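The values are calculated or read from the model by the stated rules, or taken from the named source; none is laboratory data. All values reported here derive from a predicted model rather than from experimental measurement. A quick note on method: Cβ atoms are made from the backbone with ideal geometry, for glycine too, and the neighbour counts reach across all protein chains shown. Calculation scope for accessible area: heavy atoms of the full protein, side chains included, ligands and nucleic acids excluded. Shrake-Rupley method; radii C 1.70, N 1.55, O 1.52, S 1.80 Å.
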Amino acid sequence: MFDNLSDKLDKAFHILKGHGKITEVNVADTLKEVRRALLDADVNFKIAKDFTAKVKDKAIGQDVLTTLQPGQLLVKLVKDELTELMGGDVAGVNLSGNPTVILMSGLQGSGKTTFSGKLANFLKTKKNKKPLLVACDIYRPAAINQLHVVGDQIGVEVYSEPENKNPVEIAQNAIKHAKANGFNVVIVDTAGRLAVDQEMMDEIARVHKAIQPQETLFVVDSMTGQDAVNTAKAFNDILNFDGVILTKLDGDTRGGAALSIKSIVNKPIKFVGTGEKMEAIDVFYPERMAERILG
Ligand code: GDP
């Protein structure tokens with residue numbers, strides 16, 4: 001579907017043939033192609049510009065290995081740099097609490113409820129945990145029902161208080177319930193809005209303060225591209241979250257939001273969502289994401 005960056009760079013690099021070294025002149029043209037690829041993948045403009053400037057410094061003077069096309073060498077440099085920027089090692093979830101409390105944050109429609117279920121299922125089946133899901137959306141009865149449907153699907157109990165309009169109380173009661181009933185992970189799904197607003201931020205800040213989660217995760221729809229960065233920044237300013245969940249990567253986005261978010265909030269991307277099913281969850285691998293972004 002996308003042009004292959006490696007081929008494009010090889011074409012842009014034809015002037016290099018016979019020179020043996022990457023020089024400033026041929027690198028400038030070629031990095032324009034890299035920048036275009038990043039922008040096509042929805043990477044924020046300034047981040048793409050800073051990124052290519054950095055790669056340029058690294059690239060100049062490098063010997064062109066005889067076994068590689070110069071374009072491929074540059075693609076490797078770009079890929080390595082992207083991988084490093086997006087996180088290096090695979091980041092896990094801190095499960096040290098007793099119970100471990102995980103707070104989910106993000107806009108409405110980002111995939112919070114779905115991901116809460118996926119994470120509960122992952123922890124239950126892969127980590128041998130006994131999770132409890134908590135419905136803290138006091139505005140949309142449908143959201144509470146949705147979490148119950150998810151819980152039924154994966155055989156995980158869902159705690160809700162449909163009559164209670166205080167999400168702090170609901171979350172606190174849920175943790176008490178977890179302690180009394182042997183649950184060792186509590187996943188708190190919160191109310192989202194269609195856009196960032198003060199009321200939502202105040203509410204999630206109150207819940208966060210009251211329950212002191214071991215992990216606060218920010219869920220973001222990878223299809224929202226540039227907007228994802230602003231939303232991530234707004235939530236991080238309030239919650240200083242621990243990690244990012246990038247959902248809907250099964251769509252046709254190249255996922256440049258991953259690089260932009262990491263650059264702006266400097267928090268690890270922990271998991272990706274790759275479909276609507278409960279099994280469609282993957283640990284985030286920076287290298288795979290770098291390849292996807294470059295196409
Ligand atoms: P919430 O409002 O943040 O709780 O979002 P939901 O969990 O209700 O998800 C919103 C919509 O996105 C639903 O239709 C989900 O089925 C869908 N969804 C969530 N995660 C994914 C994903 O990784 N891939 C796809 N294709 N759809 C997803």
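Does the range 197-205 include one or more residues that are within 16 Å of the ligand (Cβ to nearest atom), open to solvent by 50 Å² or more (accessible area, probe 1.4 Å), of a type outside the set (D, E, K, R) and more than 18 Å from Gly117 (Cα to Cα)?
Within the range 197-205, none of the residues are within 16 Å of the ligand (Cβ to nearest atom), open to solvent by 50 Å² or more (accessible area, probe 1.4 Å), of a type outside the set (D, E, K, R) and more than 18 Å from Gly117 (Cα to Cα).
Cβ contacts < 9 Å: first residue part of a helix (DSSP H, G or I), restricted to the range 140-167; second residue open to solvent by 60 Å² or more (accessible area, probe 1.4 Å), any location; separation 6+ or different chain. Result?
Pro141/Pro162; Ala143/Gln108; Ile144/Pro162; Gln146/Arg140; Gly151/Glu157; Ile154/Lys124; Ile154/Thr125; Pro167/Arg206
Quick check on the range 224-240: of everything there that is surrounded by 19 or more Cβ atoms within 10 Å (Cβ to Cβ) and within 15 Å of the ligand (Cβ to nearest atom), which residue is farthest from Gly275 (Cα to Cα)?
Phe235
Keeping to the range 191-209, report how many residues are in contact with a Pro (Cβ under 9 Å, 6 or more places away or on another chain) and farther than 22 Å from Gly111 by Cβ.
1
Which condition does Gly182 not pass, out of (1) under 18 Å from Ser116 (Cα atoms); (2) not in a helix (DSSP H, G or I), if it passes all the others?
That leaves (1) as the condition not met.
Conditions tested, residue by residue: (1) within 16 Å of the ligand (Cβ to nearest atom); (2) under 26 Å from the mean Cα position of the chain (by Cα); (3) surrounded by fewer than 18 Cβ atoms within 10 Å (Cβ to Cβ); (4) in contact (Cβ under 8 Å) with a residue 40 or more places away in the chain.
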| site | (1), (2), (3), (4) |
| --- | --- |
| Ala180 | no, no, yes, no |
| Thr190 | yes, yes, no, yes |
| Leu194 | yes, yes, yes, yes |
| Phe218 | yes, yes, no, yes |
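Going through the range 144-173 one residue at a time, which ones are open to solvent by less than 10 Å² (accessible area, probe 1.4 Å) and small (Gly, Ala, Ser)?
Gly151, Ala171
Given the criteria touching a Leu at 6+ places or on another chain (Cβ under 8 Å), assigned to a strand (DSSP E or B) and either within 15 Å of the ligand (Cβ to nearest atom) or closer than 18 Å to Ala120 by Cβ (or both), does Ile245 qualify?
Yes; evaluated as a whole, the condition is true for this residue.
Evaluate the following for Lys267: is it in contact with a Pro (Cβ under 8 Å, 6 or more places away or on another chain), more than 16 Å from the ligand (Cβ to nearest atom) and open to solvent by 10 Å² or more (accessible area, probe 1.4 Å)?
no
Which one is farthest from Asp250 (Cα to Cα), of the residues in the range 102-125 that are among the β-branched types (Val, Ile, Thr) and open to solvent by 10 Å² or more (accessible area, probe 1.4 Å)?
By that ranking, first place goes to Thr125.
Go through the range 248-264 and give me each residue that's away from the ligand (no atom under 13 Å from the Cβ) and crowded, with 20+ Cβ neighbours inside 10 Å.
Arg254, Gly256, Ala257, Ala258, Leu259, Ser260, Ile261, Lys262
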